Every structure is written in C-alpha cells, then in structure tokens.
Amino acid sequence: MHVAAPAAYKAMRGLSDYTKDCGLEPVLLELVKTRASQVNGCAFCIQMHTRDARKLGETDERLHLLPAWRETALYTPRERAALAWTEALTTLADGHAPDAAYEEVRAQFSEEEVVNLSLAIATINAWNRLAVGLRFVPKP
C-alpha cells in the first residue's frame, strides 16, 4: 500500500500516530487493536498487535483469553469497557452501538478519552479492511 498509494498510507499512518500518542495506555490500545482485528479476521494485524502487546509486557495468558474477555476476571474494568466499546463499534453492521456499552465506556473514560478511543477503534478497523482487502499476510 505504501508503494502503490503513498499519500493514502501517509494519511492512515497519521491517524495511527495520533492514536498512539493520544494519552491512552499503550497496552490498552494494543488490546483494542488485537480484539478488533480478531473480530474482523485480520491475521496480519492480529500478529502485529499481539507482538506489540508482548513487547509492552502483556502476558500470553491475557492475549490468549482476549476472545473470551467477558468470561474472565483478568481484565480491569477500564479494559473491559474499552473492549466492549471496541466490539460495539467494530460490529456496527449488527446494530447500533448499545447504550450499555456507551454508558460503561463513559464511566471509565473522560469525554476526550472516549473520542480518542473511538478514533483508535475506527483506525484499526480501517487498517483491518485494508489489510484483509489487499491480502496482507502475516510474516513467519
């Protein structure tokens, strides 16, 4: 993508850079990116963000249990709210973002953080669609 459409890549990179430095916890952002990528079936992004999460100190156990985060106590209330919001915005085609998910995220995050979290979710969803659509494959 960066070779075929460098301006498009630069725009996407700008969104990613903003969300990386928006003040949200780096591990939380990697959990969000990983979870959205799992929902979207983007192997390239799952590989990238689980590796990035591990570099930040995330455990294999929490990464392995991420698809079942609701069924374990391994995630903080703030992480749980972010993961619920991630799933709500990632699966908009299944219906609108539920009020309960919005209320939960608002209880754990400031208004600015909700905007930044939502932008991070929108950005990883865009990357997932590009990576899946353009046939990015994970590297061994």
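Some points to look at:
- Checking each residue in the range 64-95 for being in a helix (DSSP H, G or I), modelled with pLDDT of 95 or more and of a type in the set (A, V, I, L, M) picks out LEU65, LEU66, ALA68, ALA81, ALA82, LEU83, ALA84, ALA88, LEU89.
- Residue within the range 113-131 that is outside any helix (DSSP H, G or I), surrounded by 14 or more Cβ atoms within 10 Å (Cβ to Cβ), modelled with pLDDT of 95 or more and not small (Gly, Ala, Ser) present: no
- Cβ-Cβ distances below 9 Å connect the following pairs, each with a first residue in the range 5-21 that is touching a residue at least 60 places away in the same chain (Cβ under 8 Å), a second residue that is not in a helix (DSSP H, G or I), and a separation of six or more residues or different chains: MET12/MET1.
The values are calculated or read from the model by the stated rules, or taken from the named source; none is laboratory data. The model shown is predicted, which means the values in this text are computed figures rather than measured ones. When we count neighbours, we look across all protein chains shown, and the Cβ atoms used for this are built from the backbone with ideal geometry, even at glycine.
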